[in-house]
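Just so it is clear, none of the values below were taken in a lab; they were calculated from the coordinates. Please read all numbers here as calculations on a predicted model, not as lab measurements. Counting neighbours? That spans all protein chains shown, and the Cβs are built from the backbone with ideal geometry, glycine included.
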Amino acid sequence: MADPTAHTNPTRREVLKNSSCLTASALLAGTPVVLPPVGGQETIHVAVVGCGGRGSGAAKNALLVKRGPTKLVAMADVFEDRINSSYGALSGELPDQVDVPEERRFLGFEGYKEAMDCLRPGDVVILATPPAFRWVHFTYAIQKGLHVFMEKPVTVDGPSSRRMLALGEESKKRGMKVGVGLMSRHSRAMQELHERVRAGELGEIIAQRGYRMQGPVAFFRSLPKPEHLTDLQYQIRRFHSFLWASGGAYNDFFIHIIDQLAWMKGSRPIKAQASGGRHYRYSDAGERYVDQNLDSYSVEYTYDDGTKMMFEGRNMVNCQTRFSSYMHCTKGSAVVSATSDCGLPSSIHSDQSLSRKSRTWTSRVPDGERNPYQNEWEDLIAAIRDDTPYHEVEYGIEASMLCNMGRMAAHTGREISYEQALSCEQEFGVGVDQLTMDSASPLMPGEDGFYAVPEPGIKIDREY
């Protein structure tokens with residue numbers, strides 16, 4: 001990509017008009033499938049593409065919806081152990097709703113097509129692979145006339161974001177219901193807080209703070225790959241470690257806090273400046289970590305009215321942990337998430353102290369609606385059965401783009417605008433729609449045997 005600070009900001013319309021391969025017709029083939037209405041007692045069939053933790057969790061939520069019946073009928077993943085583990089857990093817990101014999105468990109990079117081919121127009125597919133593949137799988141879901149639940153993040157760079165925007169518009173035209181796994185938006189506590197903010201109860205938002213400061217979790221760090229796996233297989237298994245696959249720890253771990261604060265503000269930040277560092281790069285045994293993540297990120301987001309959102313992310317051992325989000329306003333302050341991505345309760349305070357004494361409102365959520373992961377499925381299935389509008393693609397892309405923008409700012413050492421991030425031409429996962437199990441990875445090691453990493457101030461025209 002060119003120096004992201006060396007040109008004026010294009011508008012979103014210019015970005016979409018001038019970018020190649022953006023039209024849905026360039027990605028989709030064939031006559032559009034008409035989505036039939038789904039009767040109130042008709043069984044909705046579900047397929048899951050990507051059988052890791054979130055795919056399995058989303059499948060369980062789909063089967064537990066109050067407005068059933070629903071049934072899991074197909075599964076796909078590139079790794080057999082993931083399918084077997086997910087199938088074993090789901091069939092053991094919900095045996096009457098899991099009907100996935102071996103012939104409907106599909107392996108490999110083409111398995112997503114075979115799983116979706118088991119569904120009828122109007123059924124639901126869960127897209128829960130690493131986000132590098134989201135636009136590929138979403139394209140086929142549109143062709144098949146399926147409703148979609150896709151996990152976050154949904155994009156990792158400018159080119160994939162532009163593709164997803166085009167696909168999102170086409171899916172909306174075709175009447176598809178599309179949920180995105182930004183479950184904070186389905187937290188009943190945060191929904192009420194959002195309504196109170198919109199009603200003016202807190203006045204104007206003047207500052208926001210968000211934190212996800214923790215030890216290394218999931219696949220944040222990775223040691224050199226074992227001999228029995230290829231670079232591609234290893235990177236997909238440990239996708240949080242590699243930018244092409246996931247957007248790295250920044251996108252996958254931090255997106256909820258960033259998204260919920262932008263939602264509360266009612267607009268998206270227009271630019272970001274950031275810093276970060278790689279502090280601990282060797283294991284206790286002296287092995288060098290090969291992931292592409294920074295250990296810490298400090299980002300200042302700016303809205304168009306000058307308001308700031310300050311975000312702090314850290315994955316380091318033996319440091320103070322903090323995982324929460326806050327707003328400071330002209331008429332007081334608020335706790336958005338008390339703990340974790342959307343931990344109860346949300347609260348409003350009369351001053352800036354956020355103390356128990358200053359609290360004027362505390363969220364109260366009925367027991368049956370306290371799980372936002374389940375809420376997002378209740379809302380999606382209700383929209384399908386009632387045939388009401390339900391389309392979360394655009395804000396899913398925007399939330400992913402806010403992560404892309406903040407990450408780019410940290411990785412290049414430059415202030416990055418939203419439009420610069422969207423128009424950036426560096427595509428991390430070139431050719432992901434053509435991968436096979438024997439393919440080289442989009443990220444291969446250099447002559448020293450290690451993968452390229454961000455070098456702020458040195459690599460200023462690209463992230464690695």
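Compute the Rg to Rh ratio over region 401-464 from the alpha carbon atoms, using the Kirkwood formula for Rh, and round to two decimal places.
Numbers: Rg = 13.6 Å, Rh = 13.2 Å.
Checking Rg against Rh, the ratio lands at 1.03.
Under the definition of Cα pairs under 8 Å and six or more residues apart, what whole-number percent is the relative contact order of region 318-400? Display every interim value, and only then the final one.
Values: 86 pairs, mean separation 12.8, N = 83.
It rounds to 15 percent for region 318-400.
Run the simple label-point estimate for Thr230 and Glu102 please: 7 Å along Cα→C-beta, distance reported in nm.
2.5
Taking every eigenvalue of the Cα gyration tensor of region 311-464, multiplying by 5 and rooting it, what semi-axes result, largest first, whole Å?
Numbers: eigenvalues 278, 128, 54 Å².
They are 37, 25, 16 Å, listed largest first.
Using the reciprocal of the averaged 1/r over all distinct C-alpha pairs, how large is the Kirkwood radius of the chain in Å? Don't skip to the answer; put the middle values down first.
Working: mean 1/r = 0.0439 Å⁻¹.
By the Kirkwood definition, the hydrodynamic radius is 22.8 Å.
Which value results for Rg/Rh of region 30-133 when Rg is the Cα radius of gyration and Rh the Kirkwood radius based on the inverse mean 1/r?
On the way: Rg = 13.2 Å, Rh = 13.8 Å.
Rg divided by Rh gives 0.96.
Report the gain in length on full extension from Lys172 to Arg288: 0.36 nm times residue separation, minus Cα-Cα distance, nm rounded to one decimal.
My answer for the length gained is 37.1 nm.
Measure off 7 Å from each Cα along the Cα-to-Cβ vector at Ile458 and Asn318, then give the distance between these two points in nanometres to one decimal.
Taking the two extended label points, one gets 2.7 nm.
Give the Kirkwood hydrodynamic radius (Å, one decimal) of region 365-411, defined as one over the mean of 1/r across all pairs of different Cα atoms.
On the way: mean 1/r = 0.0766 Å⁻¹.
By the Kirkwood definition, the hydrodynamic radius is 13.0 Å.
Going by average Cβ density within 10 Å per residue, which order do the peptides 92-100, 144-152, 239-247 take, highest to lowest?
239-247, 144-152, 92-100
In vacuum, with every alpha carbon of region 288-348 counted as one equal point scatterer, what does the Debye formula give for log10 I(q)/I(0) at q = 0.16, 0.22 Å⁻¹? Two decimals, please.
Values, matching the q order: -0.71, -1.06.
Arrange the peptides 223-230, 57-64 so that the one whose residues have, on average, the most other Cβ atoms within 10 Å appears first.
On the way: 223-230: 11.9, 57-64: 22.0.
Highest to lowest by the protection proxy: 57-64, 223-230.
Please compute the Kirkwood hydrodynamic radius of region 218-346 from all pairs of different C-alpha atoms, in Å with one decimal. Display every interim value, and only then the final one.
Values: mean 1/r = 0.0605 Å⁻¹.
When all Cα pairs of region 218-346 are included, the Kirkwood radius is 16.5 Å.
Looking at region 146-267, what % of the alpha carbon pairs are farther apart than 22 Å? Present the calculation step by step, with values, prior to reporting the outcome.
Values: 3868 of 7381 pairs.
That tail contains 52 percent of the Cα-Cα pairs.
Run a plain Debye calculation on region 57-97 (Cα atoms as equal point scatterers, no solvent) and give log10 I(q)/I(0) at q = 0.14, 0.15, 0.19, 0.21 Å⁻¹, rounded to two decimals, same order as the q list.
Log10 of I(q)/I(0), two decimals: -0.31, -0.35, -0.55, -0.66.
Using the eigenvalues of the Cα gyration tensor, what equivalent ellipsoid semi-axes result for region 395-436 when each is taken as the square root of five times the eigenvalue, whole Å, largest first? Each step should come with its number before you reach the end.
On the way: eigenvalues 93, 35, 16 Å².
Each semi-axis is √(5λ); the values are 22, 13, 9 Å.
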